[in-house]
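So the structure is just underneath, and the comments pick up after that.
The values are calculated or read from the model by the stated rules, or taken from the named source; none is laboratory data. This one's a predicted model, so the numbers in the text were calculated from it and none came from an experiment. Please note: Cβ atoms are built from the backbone with ideal geometry, for glycine as well, and neighbour counts cover all protein chains shown.
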C-alpha cells in the first residue's frame, strides 16, 4: 500500500463534510472550499489592497492559513466570520510589512480632528461609496474600512496596525473628510443637501 492514498469522500454541498475532508488532506475538498469562498474572500481582499493582483496574493496567503489552521476552527461559530478574520488580518499584516507605509505612519501629523453634522456619505449608495473609498490614500482607506465596514474599534485598529490611537483617530477623521470631498466632487448635487 506504499504510495496509495485513501480517497476521502465528501459532499460538496455540505460545509462540515468539506471541512472534514480538508482536515484529512483531501486536495479536492480544499479546491471546493476555495472555490466556494473565492468571491467572498476576494471582495474583502480588494477593499484592503491596491490592486487585483495584490488582492489575489492576500487571498491565496489567507487560504494557506485557513488550511493550516482549520483544526483550530470552532465549528460552533460561522465559518465565514472565521474566514473574514483571517482575510482581514492577512491583508493588514501585508500592509504593515510595506516599508513605504511604515515610514509614512511614523512621520504622520496626528493633530487633525474633524466632525460633521450632516454626512455626505449617508446620501450615496453603498456600491458608489466603495468605489470612492478605493480612491483614498491607503492608510485612510484601511482605517475607514476597518472601522466602518468591518466594525473594529479604533483601539483595535491601533493594535492591528501598530499605530498609536491618536494617529488612528486622526486618520479616520481625515478619511471621512476626504471621502466627503471626493463624494461632493463626483456627486455635485449633494453639495446643497449637506450645507
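Just a few scattered comments:
- When region 79-90 is filtered for residues that are under 20 Å from residue 36 (Cβ atoms) and surrounded by 11 or more Cβ atoms within 10 Å (Cβ to Cβ), the ones remaining, listed by number, are 79, 80, 82, 83, 84, 85, 86, 87, 88, 90.
- Leading residue by the ranking (modelled with the highest pLDDT) among those in region 148-164 that are assigned to a helix (DSSP H, G or I) and crowded, with 20+ Cβ neighbours inside 10 Å: 157
One line per residue, one yes/no per condition, for (1) farther than 23 Å from residue 141 by Cα; (2) modelled with pLDDT under 95:
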residue	(1), (2)
36	yes, no
44	no, yes
50	no, yes
53	no, yes
75	yes, yes
